[in-house]
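The values are calculated or read from the model by the stated rules, or taken from the named source; none is laboratory data. Everything numeric here is computed off the predicted structure, so don't read it as measured data. Methodologically, a virtual Cβ is constructed for each residue, glycine included, from the backbone with ideal geometry; neighbour enumeration extends over all protein chains shown. These accessible areas exclude ligands, DNA and RNA; they are computed on the full protein's heavy atoms, side chains included. Shrake-Rupley method; radii C 1.70, N 1.55, O 1.52, S 1.80 Å.
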Amino acid sequence: MYPILSQEEKEEREDSTKDSLPTVSSSAILTPKILDIRHYGDPVLRDHARPIKEINDEARQLAADMIVTMVSGNGVGLAVNQVGQLKRLIVLDIGRGPMVLINPKISDKSRKREKLEEGCLSFPGLSVKVRRSYKINIEYFQLSDGKRIKLSVEGILARVILHEIDHLDGILLMDKLAFWRRGKFKKQLLAIKQQTRQEMRDREGSKKT
Ligand code: ZN
């Protein structure tokens, strides 16, 4: 998911990211790299991500890669499906430093809801108004020590977490719209899908060579 950030906010966020990438304990961890973002039409976005059983170097590397990918795309959140993987992990940063949530679960949602504009890195150039709970209780495992964390969050942070957990369950921004409102985005969605098809062909091609 992405918000509209000012240049100043963006720079501030980039600085904070540099200091707080997940700590890594093994030399097997490489410098974080920017991953390809999967776009609407890629079947991996419809898959269900599966729980992570062990927090190992692979999970740490993935989290670090996802954080740099999110920041480089000017996003505030990124789910694992969006980089073509299926382990239940999301990363987010709403301007207070990056967070990594492993196996996140919503344990409660407020009845109070709010309708706000959302963008998604898998839907370039699109933003739609989505109604979501204002406050949620969440549970997840912490990357650094595997500790279970319970938190109550609200506002934009709750919204980003709800958006990203939807991704883990194969639910996309467009699914949140009433059927009659989806028609408005038909052309843009078709254009993204065509682009995605090309990206998938390119990826297949580069695998073979
Ligand atoms: Zn998204």
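Scanning segment 134-181 for residues that are of a type in the set (Lys, Arg) and either modelled with pLDDT of 95 or more or out of contact with any strand residue (DSSP E or B) (no Cβ under 9 Å at 6 or more places or on another chain) (or both) turns up Lys135, Lys150, Arg159.
I'd like to check something: does segment 165-181 contain any residue that is away from the ligand (no atom under 16 Å from the Cβ), closer than 20 Å to Arg38 by Cα, of a type in the set (D, E, K, R) and part of a helix (DSSP H, G or I)? No: zero hits.
Screening Gln82 with (1) in contact with a strand residue (DSSP E or B) (Cβ under 8 Å, 6 or more places away or on another chain); (2) within 16 Å of the ligand (Cβ to nearest atom) gives one miss only, at (1).
The single condition among (1) under 30 Å from Gln188 (Cα atoms); (2) away from the ligand (no atom under 13 Å from the Cβ); (3) more than 16 Å from the chain's Cα centre (by Cα) that Asp65 does not satisfy is (3). For segment 96-117, taking the residues that are touching a helix residue (DSSP H, G or I) at 6+ places or on another chain (Cβ under 6 Å) and of a type outside the set (A, V, I, L, M), the one that is farthest from Leu45 (Cα to Cα) is identified as Gly97.
Could you go through segment 141-156 and let me know if any residue there is open to solvent by less than 50 Å² (accessible area, probe 1.4 Å), under 27 Å from Glu58 (Cα atoms), aromatic (Phe, Trp, Tyr) and away from the ligand (no atom under 16 Å from the Cβ). No - not one qualifying residue is present in segment 141-156. Filtered by the rule that a residue be in contact (Cβ under 8 Å) with a residue 60 or more places away in the chain and either in a helix (DSSP H, G or I) or surrounded by 16 or more Cβ atoms within 10 Å (Cβ to Cβ) (or both), segment 48-72 gives Ala49, Ile52, Ile55, Ala59, Arg60, Ala63. Whenever a residue of segment 113-130 is within 11 Å of the ligand (Cβ to nearest atom), its partners that are among the basic types (Lys, Arg) and not in a loop (DSSP other than H, G, I, E, B), lying with C-beta atoms within less than 6 angstrom and at least six residues away or across chains, give the pairs Val130/Lys176.
Taking each residue of segment 196-209 that is at negative phi and looking for partners that are modelled with pLDDT of 90 or more with beta-carbon atoms closer than 7 Å, six or more apart or interchain, yields Thr196/His39; Thr196/Tyr40; Thr196/Gly41; Thr196/Asp42; Arg197/Gly41; Glu199/His39; Met200/Asp42.
Would you check if there is a residue in segment 98-111 being surrounded by 19 or more Cβ atoms within 10 Å (Cβ to Cβ), without any contact (Cβ under 8 Å) to a residue 12 or more places away in the chain and closer than 22 Å to Gln142 by Cβ? Checking segment 98-111: at least one residue is surrounded by 19 or more Cβ atoms within 10 Å (Cβ to Cβ), without any contact (Cβ under 8 Å) to a residue 12 or more places away in the chain and closer than 22 Å to Gln142 by Cβ. Residues in segment 188-209 that are in a helix (DSSP H, G or I), farther than 18 Å from Leu121 by Cα and open to solvent by 70 Å² or more (accessible area, probe 1.4 Å): Arg201, Asp202, Glu204, Ser206, Lys207, Lys208. Selection of segment 125-140 for residues being open to solvent by less than 20 Å² (accessible area, probe 1.4 Å) and assigned to a loop (DSSP other than H, G, I, E, B) yields only Leu126.
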